[in-house]
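Participant: Here you go, one structure.
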Protein chains: 2
Amino acid sequence: MSLKKISRRSFIKQSTFVGASVALLPSKMSAVKDSSLKLRLGVIGTGLRGQWMTHLCMLRGDVDIRAICDIDHEMINATLNIIKKSGNKPPDIYKKNEHDFLNLVNRNDIDAVYIATPWEWHHEMAVAAMKQGKHVGVECPAALTVNDLWDLVNVSDKENKHCMLMENVCYRRDVMAVLNMVREGVFGELLHCQGGYQHDLRDVKFNDGKQPYGGGLEFNDKGYSESKWRTQHSINRNGDLYPTHGIGPIHTMLDINRGNRFVHMTSTASQSRGLNKYIIDQGGLNHRNAGIKFKLGDIVTSVIKCSNGQSVVLSHDTSSPRPYSLNFRVQGTEGLWMVDNNSIYIQGLSKEEHRWESDEDYLKQYDHPLWKKFNKNAAGSGHGGMDFFILNAFVEPLKRGLKPPLDVYDAASMSVISPLSEKSIKLGSAPVKFPDFTRGKWKKNKPIFGLNTDY
Amino acid sequence: MSLKKISRRSFIKQSTFVGASVALLPSKMSAVKDSSLKLRLGVIGTGLRGQWMTHLCMLRGDVDIRAICDIDHEMINATLNIIKKSGNKPPDIYKKNEHDFLNLVNRNDIDAVYIATPWEWHHEMAVAAMKQGKHVGVECPAALTVNDLWDLVNVSDKENKHCMLMENVCYRRDVMAVLNMVREGVFGELLHCQGGYQHDLRDVKFNDGKQPYGGGLEFNDKGYSESKWRTQHSINRNGDLYPTHGIGPIHTMLDINRGNRFVHMTSTASQSRGLNKYIIDQGGLNHRNAGIKFKLGDIVTSVIKCSNGQSVVLSHDTSSPRPYSLNFRVQGTEGLWMVDNNSIYIQGLSKEEHRWESDEDYLKQYDHPLWKKFNKNAAGSGHGGMDFFILNAFVEPLKRGLKPPLDVYDAASMSVISPLSEKSIKLGSAPVKFPDFTRGKWKKNKPIFGLNTDY
């Protein structure tokens, strides 16, 4: 089992290797005011995602990476090179075995760890770090089962350590502008939202064992990068395997855990065809992987009901040929925005009655203050600038001893969609209840995301 | 209770009264080859929809309307005028009371009845007609409860009389082209479809009692046209009240009742705000209708699972300000079409990988043979030509003693979505099973819709 990891692939397609893009970036991306404040960080998981975030940390100037951990020596070396090239002191290395991360989290000279390992390791690593007094930033999802999510919450509460989900799409420029519009009341009272992960991952799940995307039909031991571990989830599980990109922005717009909460959910999966078809189309009926059965339905649709009444539709669609889309729709009593046609309609504001208009002017008008402030810092940081923001939201508050804007309850209520969807599908689309990870605190907690001037 | 009815409003907005548009239409719209064949018809329900369909019947030249029925004398007179203006013999009139339709269906000189009354009368009238040996064309939905739909099916089977749902959207030009593409295998194996009725009906549900659309907040006895009966359904019921426009085309593409069937469904409703807000926004907090409680959730989302594996998402969204959209999406193992951005992506055909392209050329290339043949006849017939086709699909086979392309099982499996969605919502989004109205015949029945050269 390797610790290679990259959560999102587009940056690497644009800039084949990490070093190439360093030159394109501003030399200092930190939002720090007091230059004496630094966050002392350990990085667990130095696959492609870990390398990219390490690179962004180096650009900031306020993150001191003291230690890195992976079992893949090639990935460790690549990360070391990024740190060396930046002129920073080389970190200590933990690469002995799968549990060497326990030695990293045990150090006394780090404040926090960033975890970018395969999904199945997130819970164990986050809990170990918090028990050793470290704050945690964890890639999505935070854990894979309801019990493990409760464990994260309980450990975070007991140890008084933050556990932040590194969900970068919460900071996408368009959804931040729409969040702004929601808060300004442009949509009236929210009624219905949609989101989803609609991304053809076939060439992520299969490659030639030498490059991260495509070129072959290998995975697991013979694969490279994500195919080493991600593909197996499609064999073992039927559900919404990757809900947080779609639900993250909706979660903040609906004030989930802060005056509102997810109550129940149903999930329905289509038949499973795409991955098997891909193998046969590329490798023929006699390919040794042609007989593999994938449990994952090609299209999984979940519908969530909120305590304040709203409905949310979430899609997971990663095994079919299709354009990328996170499927966003935000609808209230005054109108709606839909990302797939880049359109909006607001009663009384839109020029023509019952006609879509381009969302362009609205997105400009309601551009979020954080984007206005940090636009230049974000440029080139990956995923349209979102990666700057999510890292900034992790580093800035922690180095000041403050709370990050996404907390352990948010990590849990977003990540729990996966196990709940698996359960609902197993039960023939039966509605399943969301645990209240806040234990009632959602009733009094106030929104914090996107309301700070610095992160 | 009035029998006024218009199922779809747009035609009247374009041509304030029916007479005005007659002049715009070709004088002969029948597809008939043998001019001696005529369908002898009774029309029950002469509201705006009934008048429009009467007008189209007159244009065809192969429909002999022998009798009309309504309890609203103004509507009866308007219909009489349409028939007189066309130069045809005036029909007999049944207008004594709510049950005078029983005398109409009892006549010996009619072959079929067309029913365009308020929803709650469809079942009773259709059953009475079939029991008197008449075929039936009924506007949507065919009935409102599972029991009444079984009754329709059982009576149709026993009396050997057809009961066709007059779902015109099945014949929309774009969806017919997409149906053609589905059958040509362009999308590969279908995985997932979407549809829905997303139509701001607030000014249909409330008017000034003198005009069909808006201008006031009246309904029931004080309302006009649809507000006389349709609004009350939003007070009494929470579910997908009008599923057939959205599901009709999907139903044919998925070969439902013909090799495939709907297995189960979940429905989730958002809170109910739009209708109450409309009254208060227009009439103030002290308006006498401001205190009315509407059960209907503003947005109702249903997810259907098919026996062949596909998932279907259906929306009902009629109480909010929004552009009209039937929400179509058709997705298979090779690509997908989506109506809201008029876009398509087909692996290997689309020019750029993972990029939407306009659906325009595809819709032209795969234009359905029926549209190529009848394009001129359909022009101006209402709802973009669909009304010509749905009437044609009713008249042509019946006058020749053949089966219409949408049968009583189709009427039942489309209409049953309403009561099933109400049940699912009542049970907290529990999955509810679809009855098999075909009693197993779906396994052997072959597709017929859109496969005939004449209708």
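Participant: How many angstrom lie between the Cα centre of region B:347-373 and the Cα centre of region B:433-455?
Facilitator: Result: 27 Å between the Cα centres.
Participant: Suppose we keep just the DSSP beta bridges with both residues in chain B; what percent of those would be antiparallel, to 5? Let's see the in-between values first.
Facilitator: Details: 31 of 60 bridges.
Here the share of antiparallel DSSP bridges comes out near 50 percent.
Participant: Right, next: With equal scatterers on the alpha carbons only and no solvent term, can you work out the Debye log10 of I(q)/I(0) for region A:294-394 at 0.13, 0.16, 0.17, 0.19 1/Å?
Facilitator: For the requested q values the scattering log ratios are -0.74, -1.04, -1.12, -1.19.
Participant: Only residues of region B:415-455 count here: report those whose backbone N is under 18 Å from the spot 7 Å along Cα→Cβ of B:N154, or say none.
Facilitator: Answer for region B:415-455: B:416, B:435-441.
Participant: Net charge near B:R329, counting Lys/Arg +1 and Asp/Glu -1 over other residues with Cβ under 11 Å of its Cβ?
Facilitator: Taking every Cβ under 11 Å from that of B:R329, the sum is -2.
Participant: Right, here's the next one. Can you count the Lys pairs in region A:39-161 with C-alpha separation below 14 Å, eight or more apart or on different chains?
Facilitator: Lysine pairs meeting the criterion: 4.
Participant: Something else now. For A:E167, A:E422, write out the residues from largest to smallest accessible area, computed with a 1.4 angstrom probe and no ligands counted.
Facilitator: Ranked list, largest accessible area first: A:E422, A:E167.
Participant: With label points built 7 Å along Cα→Cβ from the Cα atoms of A:N106 and A:E184, find their separation and express it in nm.
Facilitator: Each label point lies 7 Å from its Cα, and together they span 5.4 nm.
Participant: Next question, about the same structure. Just need the Rg to Rh number for region A:150-232, please, alpha carbons only, Kirkwood Rh.
Facilitator: Ratio of gyration radius to Kirkwood radius: 1.18.
Participant: I would also like to ask the following. Would you kindly compute the Cα radius of gyration of region A:369-433 and its largest Cα-Cα separation (Dmax), both in Å?
Facilitator: For region A:369-433, the Cα radius of gyration and maximum Cα-Cα distance read 17.3, 49 Å.
Participant: Can you give me the distance in nm between label points at B:L80 and A:D92, each placed 7 Å from the Cα along the Cα-to-Cβ direction?
Facilitator: 10.0 nm
Participant: Let me ask you something else. Mind listing P(r) for region B:185-323? All alpha-carbon pairs, 5 Å bins, whole percents.
Facilitator: 2, 10, 18, 19, 15, 11, 9, 7, 5, 3, 1, 0
Participant: Within 10 Å of each Cβ in A:272-284, how many Cβ atoms from other chains are there, averaged over the peptide?
Facilitator: The mean count of partner-chain Cβ atoms within 10 Å per residue comes to 2.
Participant: So what's the gap between the Cα centers of region B:187-208 and region A:253-329, to the nearest angstrom?
Facilitator: 22 Å
Participant: Let me ask something additional. From Cα coordinates alone, what are the radius of gyration and Dmax values for the protein assembly as shown in angstrom?
Facilitator: According to the Cα coordinates of the protein assembly as shown, Rg and Dmax are 30.1, 98 Å.
Participant: For region B:241-361, what class follows from the C-alpha gyration tensor (a ≥ b ≥ c being the square roots of its eigenvalues): rounded when a/c is under 1.5, otherwise prolate if a/b is larger than b/c, else oblate?
Facilitator: oblate
Participant: Restricting attention to region B:295-381, which trypsin sites (Lys or Arg not before Pro) occupy a DSSP loop and are surrounded by at most 12 other Cβ atoms within 10 Å?
Facilitator: Hits after loop and neighbour filter: B:K351, B:R355.
Participant: Taking K and R as +1 and D and E as -1, what net charge do the other residues with C-beta under 9 Å from the C-beta of B:I346 add up to?
Facilitator: It works out to a net charge of -2.
Participant: Also, quick follow-up: Scale the Cα Rg of region B:39-161 by the rule-of-thumb value 2.2 N^0.38 Å and send over the ratio, two decimals.
Facilitator: In units of the 2.2 N^0.38 Å rule of thumb, it is 0.99.
Participant: Considering every residue in B:302-311, what mean count of other chain Cβ atoms within 10 Å of its Cβ is obtained? Please report the intermediate quantities before stating the final value.
Facilitator: Values: counts 1, 8, 3, 8, 2, 0, 2, 7, 5, 12.
What the average comes to for B:302-311 is 5.
Participant: Oh, and also: Could you compute how much accessible surface B:W121 exposes when probed at 1.4 Å, giving the result in Å² to the nearest 10?
Facilitator: So the heavy atoms of B:W121 present about 20 Å² to solvent.
Participant: Pairs of alpha-carbon atoms within less than 8 angstrom and 6+ residues apart define the contacts here; what relative contact order does region A:39-161 have, in percent?
Facilitator: 25 percent
Participant: What's the FRET efficiency of A:A379 with B:E353 using the Cβ-Cβ distance as r and R₀ = 22 Å, to the nearest 0.05?
Facilitator: Calculated transfer efficiency: 0.25.
Participant: Moving to a separate point now. Tally Lys/Arg at +1 and Asp/Glu at -1 over every other residue whose Cβ is under 13 Å from the Cβ of B:K89; what's the total?
Facilitator: +2
Participant: Projecting each Cα onto the charge dipole of the protein assembly as shown (Lys/Arg +1, Asp/Glu -1 at the beta carbon, about the Cα centre), which of B:G133, A:C170, A:C57 comes out farthest on the positive side?
Facilitator: B:G133
Participant: Here's something else I'd like to know. State the three equivalent ellipsoid semi-axes of chain A, derived from the C-alpha gyration tensor as the square roots of 5 times its eigenvalues, in descending order and whole Å.
Facilitator: The three semi-axes for chain A are 31, 28, 22 Å.
The values are calculated or read from the model by the stated rules, or taken from the named source; none is laboratory data. Values in this document were obtained by computation on a predicted structure and should not be read as measured data. Neighbour counts are summed over all protein chains in view; Cβ atoms, including those assigned to glycine, are modelled from backbone coordinates with ideal geometry. Surface areas here come from the heavy atoms of the whole protein model, side chains and all, with no ligands, DNA or RNA. Shrake-Rupley method; radii C 1.70, N 1.55, O 1.52, S 1.80 Å.
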